[in-house]
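See structure below.
The values are calculated or read from the model by the stated rules, or taken from the named source; none is laboratory data. Since the structure is predicted, the reported quantities are computational estimates derived from the model, not experimental observations. Heads up, the Cβs are rebuilt from the backbone with ideal geometry, glycines too, and the neighbour counts pull from every protein chain shown.
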Amino acid sequence: MTIIQNRYEMSVEENVAWAKRNIVDYIYKSANLEGILVTYLEVAALYDGLTISRKMKIDDIVAINNLKYAWRFVLGSIDYSIDYPFICKINQYVGGNSLIFGAGSLRTAPVRIGGTTWRPDIPDELQIKKELSELNAIQNHTDRALSLLLYCMRKQMFFEGNKRTAMLAANHIVIANGCGVISVPVEIQDDFRRLLIKFYETNNDEEVKQFLYESCIDGIERLV
């Protein structure tokens, strides 16, 4: 059984500053996790409002800009508690500018997930609120964040943008408690996708949670 402890101990101010300093890298990783093949330098240019040399799909550019605004929302709302309306608001930012149908609202129709025949149920608002309350009762901040991340990804609350929304919601928890930032490095994203599909099919999060805990959290290392 995975025993999760906080890997980093920072002040909230330090953690927010760390996230802001590395925000382009986190957007770059999230974009690639969603299948947007973009380089770090291209994300940096788009983040600064510049044009890039190659032609990209408009939706991909919108998705990257939406991640910028979603991150700003999360970092600007660090004193808020994670609850159902807050997660919906994150998805609204992720899917804004007509990128995602019904952004910010629970999906009302079935969806398919690539790589598996497993299908998530249609989300129920009352059930989600109850389950989020149970997740918020987890004492360890990092464990709570990783549990919420995986819950939101498997629940597929929205028509699209569930991984991006889940990652941002989880990061709100760790950043608000000085525990680092969660992101999946591009070079191990295939391994993460494989474990995520296994989690979808079994609802056993132990292996994928251990993977995230060991390989996908960064922060300020204290010199001893």
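The one condition from (1) outside any loop (DSSP other than H, G, I, E, B); (2) of a type in the set (Val, Ile, Thr); (3) surrounded by fewer than 21 Cβ atoms within 10 Å (Cβ to Cβ) that residue 165 does not meet is (3).
The set of residues from segment 201-210 being under 26 Å from residue 179 (Cα atoms) and over 15 Å from the mean Cα position of the chain (by Cα) comprises 203, 204, 205, 206, 207, 210.
The number of residues in segment 3-45 that are under 20 Å from residue 219 (Cβ atoms), among the small types (Gly, Ala, Ser) and not in a helix (DSSP H, G or I) comes to 1. Of all positions in segment 121-136, at least one carries a residue that is touching an Asp or Glu at 6+ places or on another chain (Cβ under 9 Å) and crowded, with 18+ Cβ neighbours inside 10 Å. Just so you know, in segment 46-87 the residues that are hydroxyl-bearing (Ser, Thr, Tyr), within 22 Å of residue 183 (Cβ to Cβ) and not in a loop (DSSP other than H, G, I, E, B) include one that is farthest from the chain's Cα centre (by Cα), and it is 47. Answer yes or no: is there a residue in segment 183-199 that is closer than 22 Å to residue 87 by Cα, crowded, with 20+ Cβ neighbours inside 10 Å and either without any contact (Cβ under 8 Å) to a residue 24 or more places away in the chain or of a type outside the set (A, V, I, L, M, F, W, C) (or both). For segment 183-199, residues closer than 22 Å to residue 87 by Cα, crowded, with 20+ Cβ neighbours inside 10 Å and either without any contact (Cβ under 8 Å) to a residue 24 or more places away in the chain or of a type outside the set (A, V, I, L, M, F, W, C) (or both): present. Taking the stated definitions as given, is residue 177 at pLDDT 95 or above and on the phi > 0 side of the Ramachandran plot? No: the conditions fail for residue 177. The selection criterion, being out of contact with any strand residue (DSSP E or B) (no Cβ under 7 Å at 6 or more places or on another chain), over 27 Å from residue 177 (Cβ atoms), crowded, with 19+ Cβ neighbours inside 10 Å and at pLDDT 95 or above, does not hold for residue 90. Whenever a residue of segment 13-32 is within 15 Å of residue 188 (Cβ to Cβ), its partners that are charged (D, E, K, R) and part of a helix (DSSP H, G or I), lying with C-beta atoms within less than 7 angstrom and at least six residues away or across chains, give the pairs 30/164. For residue 91, the criteria (1) in contact (Cβ under 8 Å) with a residue 60 or more places away in the chain; (2) under 14 Å from the mean Cα position of the chain (by Cα); (3) more than 16 Å from residue 156 (Cα to Cα) hold in every case but one, which is (3).
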